[in-house]
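Enquirer: Quick one: the structure is below, questions incoming.
What follows draws every value from the coordinates through simple rules; no lab data is involved. Fair warning: this is a prediction, and the values are worked out from it, not measured in the lab. Cβ coordinates were reconstructed from backbone atoms using ideal geometry, including for glycine residues, and neighbour counts include every protein chain displayed.
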Number of protein chains: 2
Amino acid sequence: MKILEEKIKSEGIVLGSDILKVDSFLNHQIDPFLMLQIGKVFAEKFKPNSISKVLTIESSGIAPALMTSLQLQVPMIFARKHESRTLSGNFFSASVYSYTKQTENQIAISKKFIGPKDRVLIIDDFLANGQAVQGLLDIISQAGAVAVGVGIVIEKRFQAGHNLILSKKLPLISLASIDRFENGQVIFCKKEVASHAN
Amino acid sequence: MKILEEKIKSEGIVLGSDILKVDSFLNHQIDPFLMLQIGKVFAEKFKPNSISKVLTIESSGIAPALMTSLQLQVPMIFARKHESRTLSGNFFSASVYSYTKQTENQIAISKKFIGPKDRVLIIDDFLANGQAVQGLLDIISQAGAVAVGVGIVIEKRFQAGHNLILSKKLPLISLASIDRFENGQVIFCKKEVASHAN
């Protein structure tokens with residue numbers, strides 16, 4: 001997605017060997033027009049898949065997931081994160097390990113909102129090691145629902161998440177695919193949109 | 001806002017004397033069309049105020065704030081919550097006490113994204129005791145910016161937040177104003193939209 005890559009080039013800040021800071025438009029300050037465009041692209045790609053729910057995790061996934069759900073005309077659900085809190089039996093839950101923060105969180109979704117009839121699209125802001133997507137897939141499986149695909153705003157292709165999702169035969173759309181960081185610069189993968197939907 | 005009140009009546013669950021659960025459309029599962037309508041109403045009400053930024057707190061404020069910012073054509077910023085973590089000097093921060101959870105959180109906004117030229121609209125999903133709004137006002141003041149108004153999706157008029165905001169001479173728009181809970185039912189204030197903007 002051209003405008004996204006340009007935004008990353010002009011505003012993204014590379015920290016160390018594997019962190020990209022995009023807090024000016026994606027995960028602290030938000031550019032609502034860019035989110036709308038992102039939602040339109042995801043919706044167009046996944047429309048043939050008869051999605052019934054869009055799923056993400058608080059907080060940075062909410063903006064792109066909301067715009068996608070608006071375009072697909074279905075509800076969006078964001079999983080809540082709980083630190084070592086006992087959840088009641090009304091929730092599906094899964095563990096998500098964050099390599100960046102080195103913490104283990106429980107994520108949870110109310111059993112009221114996801115069930116065997118659902119065809120679920122996962123949306124998230126970043127794909128690194130794939131732990132968040134893995135946790136959501138775990139919850140989708142507990143609910144007896146079907147995971148239809150994964151839409152990612154920015155993936156770091158050099159980390160494990162990309163191959164983890166492909167190994168599950170899940171369609172993956174990443175709007176910006178980063179091959180590597182080089183001298184503090186972002187080098188994108190050659191294909192503009194890394195589509196594995198077909 | 002009629003459709004919001006109807007949604008609260010049909011899907012909201014009253015717990016005890018002061019909790020309203022609306023997790024089917026506002027703060028866990030999200031109805032994107034309702035959020036779009038909410039954004040349109042806030043934008044229309046506050047458009048004359050030359051807003052430059054929309055401000056909220058993660059996570060439940062993000063959806064209504066994003067839709068408002070889309071309509072106003074300005075960026076949205078969500079404050080991040082930190083539990084007793086030391087913040088660097090690059091952030092404005094404030095303390096927010098949650099009566100529901102009985103916890104004190106730090107909220108923080110990067111100094112890069114708010115400054116003396118900004119005219120800020122605060123958006124949040126709920127107004128109860130007003131602690132979250134108070135924290136955001138604190139940050140706006142630290143930044144030397146101007147708070148232009150407050151837009152709330154659901155206010156519990158019987159708690160302290162409503163009068164707290166009015167005491168600061170700030171315009172307050174609440175799309176659903178709850179007068180009280182009675183036998184597990186929601187009783188709204190008589191005026192459909194509690195507008196104090198003029």
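Enquirer: Report, for residue B:166, each distance to the same residue's label point in the other copies, shortest first and in nm; define the point 7 Å along Cα→Cβ.
Expert: Label-point separations across copies, in nm and ascending: 6.1.
Enquirer: Give the Cα extents of the stretch A:8-81 along the principal axes, in whole Å, largest first.
Expert: 40, 28, 21
Enquirer: Of all DSSP beta bridges located in the protein assembly as shown, what percent are antiparallel, nearest 5?
Expert: 50
Enquirer: Note the angle between two axes, namely the Cα long axis of helix A:62-72 and the longest principal axis of the Cα atoms of chain A, as a number of degrees from 0 to 90, rounded to the nearest 10.
Expert: Rounded to the nearest ten degrees, it is 70.
Enquirer: Here's something else I'd like to know. What are the nm distances, shortest first, from residue B:190 to its equivalents in the other copies, labels at 7 Å along Cα→Cβ?
Expert: Spacings between copies for this position, smallest first, are 7.3 nm.
Enquirer: With no solvent and one equal point scatterer placed on each C-alpha of the stretch A:101-198, evaluate the Debye formula and give log10 I(q)/I(0) for q = 0.10, 0.12, 0.15, 0.24 Å⁻¹, two decimals.
Expert: Listed by q, the Debye log ratios stand at -0.30, -0.42, -0.63, -1.27.
Enquirer: On a 0 to 90° scale, report how tilted helix B:32-46 is relative to the longest principal axis of chain B, with both axes built from alpha carbons and the result rounded to the nearest 10.
Expert: Long axis of B:32-46 versus the principal axis of chain B: about 60 degrees.
Enquirer: Moving on. Please work out the Kirkwood hydrodynamic radius for the protein assembly as shown, using every pair of different C-alpha atoms, and report it in angstroms with one decimal place.
Expert: That comes to 21.5 Å for the protein assembly as shown.
Enquirer: For a Förster distance of 51 Å, can you work out the FRET efficiency between the beta-carbons of residue A:99 and residue B:190, rounded to the nearest 0.05?
Expert: E between residue A:99 and residue B:190, to the nearest 0.05, is 0.45.
Enquirer: Have a look at A:144, A:61, A:135 and tell me which one the Gaussian network model of chain A (Cα, springs below 10 Å) gives the largest fluctuation.
Expert: The residue that fluctuates most here is A:144.
Enquirer: I want to check the label-to-label distance for residue A:112 and residue A:2. Put each point 7 Å from Cα in the C-beta direction and report it in nm to one decimal.
Expert: 4.5
Enquirer: Under 21 Å between C-alpha atoms is the cut-off here; go through the stretch A:1-104 and count lysine pairs that meet it, provided they're at least eight residues apart or on different chains.
Expert: 11
Enquirer: I'm checking a number: the convex hull volume of the Cα atoms of the stretch B:21-126, normalised per residue, in Å³. What is it?
Expert: 104
Enquirer: Taking the Cα-to-Cβ direction at residue A:146 and at residue B:142 and moving 7 Å from each Cα, how far apart do the two end points lie in nm?
Expert: Taking the simple label geometry, residue A:146 and residue B:142 are separated by 4.9 nm.
Enquirer: Moving to a separate point now. Of all the stretches in chain B, which is the longest one without any exposed loop site, taking trypsin sites (Lys or Arg not before Pro) in a DSSP loop (any state but H, G, I, E, B) with at most 15 other Cβ atoms within 10 Å?
Expert: B:1-84
Enquirer: Still on this structure, please answer the following. I need the phi-derived Karplus couplings for the stretch B:155-167: 6.51 cos²θ - 1.76 cosθ + 1.60, θ = phi - 60°, integer Hz, Gly and Pro marked x.
Expert: So the Karplus estimates, Gly and Pro as x, are 10, 9, 4, 7, 9, 6, x, 3, 5, 4, 5, 4, 5 Hz.
Enquirer: Do the sum for chain A: with -39,500 (n - 2.57) for every DSSP H run of n ≥ 4, divided by all residues, what is the mean residue ellipticity at 222 nm, to the nearest 500 deg cm²/dmol?
Expert: -8500 deg cm²/dmol
Enquirer: Compute the angle between helix A:131-142 and the longest alpha-carbon principal axis of chain A, please, reported from 0 to 90 degrees and rounded to the nearest 10.
Expert: The helix A:131-142 is inclined about 20 degrees to chain A.
Enquirer: Taking the label point as lying 7 angstrom from Cα along the Cα-to-Cβ axis, what are the distances from residue A:89 to the corresponding position in the remaining copies, in ascending order and in nanometres?
Expert: Distances between equivalent label points, in nm: 5.5.
Enquirer: Per residue of B:20-28, count partner chain C-beta atoms within 10 Å of its C-beta, then hand back the mean as an integer.
Expert: For this peptide, the per-residue mean of nearby foreign Cβ atoms is 3.
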